[in-house]
Amino acid sequence: MAKVKIGIIGGSGMNDPDIFKERKEKRVSTPYGEPSDSLFLGKIAGVECVLMPRHGRKHTIMPTDINYRANIYALKEEGCTHVVVTTACGSLKEEYKPGDLVFPDQFIDRTTKRVSTFYDGKEGSPVGICHIPMHDPYCPHTRKILIEAAKELNLSHHSSGTNVVVEGPRFSSKAESKMFKLWGGDIINMTAVPEVVLANEAGLCYAAIAMVTDYDCWRDDHEPVSVESVMAIFKSNVANVKTLLLAAIPRIASKEWTDITKERQTAVANNIVNHAS
């Protein structure tokens, strides 16, 4: 079986390296600059993992300023085959309740200021232009394992969801929130893009565990989203996310990924245009 190493990108409240056994801290740099923080290396249930705090360990980096390329590059260079991320999100549907987990399968990109490719034509970057397919951005095989584990743990969850990704750091206006709801969005957050896109360019199997913390601001009968409300819900439910990771990671490692990984790498290679070669 192909060796599996799992990168974990921890979002708000989920950047605790203490979930690891044999923990080590490693500072790295990349051709794209410095990642958000050190890499934390360790094992979960005997499986090699690498934790990256997305916003830095003290949550000092706002969504726009996260060096997504450096984060994904660093995990790839460390030998990761998978990236499982945690994130807080708002709900755009009544049935997606605060405290629920969501395993998104699609996104709508509303960001405006972020570089979303490694293939930028600059020195040190890979050659060519990569038109990476995005019809299925989240790895269905990894998502399936996460969903099965959530079911067995009896965690309230939704096995799919369209994630509307906004620039931030501000929350949506009520008009925007209602528009995103009409578009068919299920949840909303600020960090999925370009993270998921870059992971696909790197040939990694990427999946997300999103925790609903609020109803954004589309509901006229509900308090609008605030940092206080988001963190209160997230902190009260962060144990569920850790429990899910502890259950799912050994299952991911026990699956045979050779063909899936090869297929992802081929998809990248087949969609690079390089007229100079």
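Scan segment 18-38 for residues that are in a strand (DSSP E or B) and among the hydroxyl-bearing types (Ser, Thr, Tyr) and jot them down. Spell out how you get there, then give the answer.
Here is the first cut: in segment 18-38, the residues in a strand (DSSP E or B) are 21-26, 30, 33.
Thr30 - this is the single residue of segment 18-38 that is in a strand (DSSP E or B) and among the hydroxyl-bearing types (Ser, Thr, Tyr).
Hey, can you tell me all the residues within segment 57-105 that are more than 18 Å from Val230 (Cα to Cα), without any contact (Cβ under 8 Å) to a residue 40 or more places away in the chain and in a loop (DSSP other than H, G, I, E, B)?
Selection gives Asn67 alone.
Residues of segment 217-253 being open to solvent by less than 10 Å² (accessible area, probe 1.4 Å) and closer than 22 Å to Val164 by Cα, which ones? Don't jump to the end; show me each part of the working.
Here is the first cut: in segment 217-253, the residues open to solvent by less than 10 Å² (accessible area, probe 1.4 Å) are 234, 241, 244-245, 248-249, 252.
Listed by number, the residues that qualify are Phe234, Val241.
Any residue that is within 13 Å of Met211 (Cβ to Cβ), at pLDDT 95 or above and not in a helix (DSSP H, G or I) - is there at least one of those in segment 161-170?
Restricting attention to segment 161-170, the residues satisfying the condition of being within 13 Å of Met211 (Cβ to Cβ) are 161, 163.
With the extra rule that they be at pLDDT 95 or above, the set shrinks to 161, 163.
Then keep just the ones that are not in a helix (DSSP H, G or I); that gives 161, 163.
Yes - at least one qualifying residue is present in segment 161-170.
Which residues, counting only those in segment 128-150, are free of Cβ contacts under 8 Å to residues at least 40 places away in the same chain and not in a loop (DSSP other than H, G, I, E, B)?
Pro140, Lys144
What is the residue count in segment 101-139 for residues that are open to solvent by less than 50 Å² (accessible area, probe 1.4 Å), out of contact with any helix residue (DSSP H, G or I) (no Cβ under 9 Å at 6 or more places or on another chain) and under 23 Å from Leu245 (Cβ atoms)?
1
Report whether or not Pro194 is open to solvent by less than 50 Å² (accessible area, probe 1.4 Å) and in contact with a Lys or Arg (Cβ under 6 Å, 6 or more places away or on another chain).
On the way: open to solvent by less than 50 Å² (accessible area, probe 1.4 Å): yes; in contact with a Lys or Arg (Cβ under 6 Å, 6 or more places away or on another chain): yes.
Criteria met by Pro194.
Can Thr64 be described as of a type in the set (Ser, Thr, Tyr), open to solvent by less than 40 Å² (accessible area, probe 1.4 Å), farther than 18 Å from Ala199 by Cβ and at pLDDT 95 or above?
yes
Across segment 18-38, which residue is farthest from Ala239 (Cα to Cα) among those that are of a type in the set (A, V, I, L, M, F, W, C) and modelled with pLDDT under 95? Let's see the steps before the verdict.
The initial filter retains those residues of segment 18-38 that are of a type in the set (A, V, I, L, M, F, W, C), namely 19-20, 28.
Imposing the further condition that a residue be modelled with pLDDT under 95 reduces the set to 19-20.
On the way: Ile19: 11, Phe20: 15 Å.
Filtering first and then ranking leaves Phe20.
What pairs come up if the first residue lies in segment 173-184 and is in a loop (DSSP other than H, G, I, E, B), the second is surrounded by 12 or more Cβ atoms within 10 Å (Cβ to Cβ), and their beta carbons are under 7 Å apart, counting only those six or more places apart or on different chains?
Taking only residues 6 or more apart or on different chains, the pairs are Trp183/Ile108; Gly184/Thr162.
Please state which of the following conditions Gly7 fails to meet, knowing it meets all the rest: (1) farther than 27 Å from Val212 by Cα; (2) assigned to a strand (DSSP E or B); (3) under 18 Å from the mean Cα position of the chain (by Cα); (4) not charged (D, E, K, R).
Going through (1) farther than 27 Å from Val212 by Cα; (2) assigned to a strand (DSSP E or B); (3) under 18 Å from the mean Cα position of the chain (by Cα); (4) not charged (D, E, K, R) one by one, Gly7 breaks only (1).
Which of the residues belonging to segment 237-273 are of a type outside the set (Gly, Ala, Ser), part of a helix (DSSP H, G or I) and free of Cβ contacts under 8 Å to residues at least 12 places away in the same chain?
Step one: filter segment 237-273 for residues of a type outside the set (Gly, Ala, Ser), giving 237-238, 240-246, 249-252, 255-266, 268, 270-273.
Applying the additional criterion that residues be part of a helix (DSSP H, G or I) yields 237-238, 240-246, 249-252, 258-266, 268.
Once the filter is applied, which keeps residues that are of a type outside the set (Gly, Ala, Ser), part of a helix (DSSP H, G or I) and free of Cβ contacts under 8 Å to residues at least 12 places away in the same chain, segment 237-273 yields Asp259, Lys262, Glu263, Thr266.
What are the residues in segment 185-222 that are of a type in the set (Asp, Glu) and touching a strand residue (DSSP E or B) at 6+ places or on another chain (Cβ under 8 Å), if any? Step through it out loud before you land on a result.
First, the residues of segment 185-222 that are of a type in the set (Asp, Glu): 186, 195, 201, 214, 216, 220-221.
If the condition is that a residue be of a type in the set (Asp, Glu) and touching a strand residue (DSSP E or B) at 6+ places or on another chain (Cβ under 8 Å), then Asp186, Glu195, Glu201, Asp214, Asp216 are the ones that fit.
Do we have Ala207 as modelled with pLDDT of 95 or more, of a type in the set (A, V, I, L, M) and closer than 18 Å to Asn163 by Cβ here?
Working: modelled with pLDDT of 95 or more: yes; of a type in the set (A, V, I, L, M): yes; closer than 18 Å to Asn163 by Cβ: yes.
Against the criterion (modelled with pLDDT of 95 or more, of a type in the set (A, V, I, L, M) and closer than 18 Å to Asn163 by Cβ), Ala207 qualifies.
Condition check: surrounded by 12 or more Cβ atoms within 10 Å (Cβ to Cβ) and not hydrophobic (A, V, I, L, M, F, W, C). Does Lys151 satisfy that?
Answer is no for this residue.
So which of Gly203, Gly161 ends up being in contact with a Lys or Arg (Cβ under 6 Å, 6 or more places away or on another chain) and under 30 Å from Asp259 (Cα atoms)?
Details: Gly161 fails: in contact with a Lys or Arg (Cβ under 6 Å, 6 or more places away or on another chain).
One residue alone meets the criteria, Gly203.
The values are calculated or read from the model by the stated rules, or taken from the named source; none is laboratory data. What you see is a predicted model; the values in this text were computed from it and never measured. For neighbour counting, all protein chains shown are included, and Cβ atoms are generated from backbone atoms with ideal geometry for every residue, glycine included. These area figures cover heavy atoms from the full protein model, side chains too; ligands, DNA and RNA do not enter into them. Shrake-Rupley method; radii C 1.70, N 1.55, O 1.52, S 1.80 Å.
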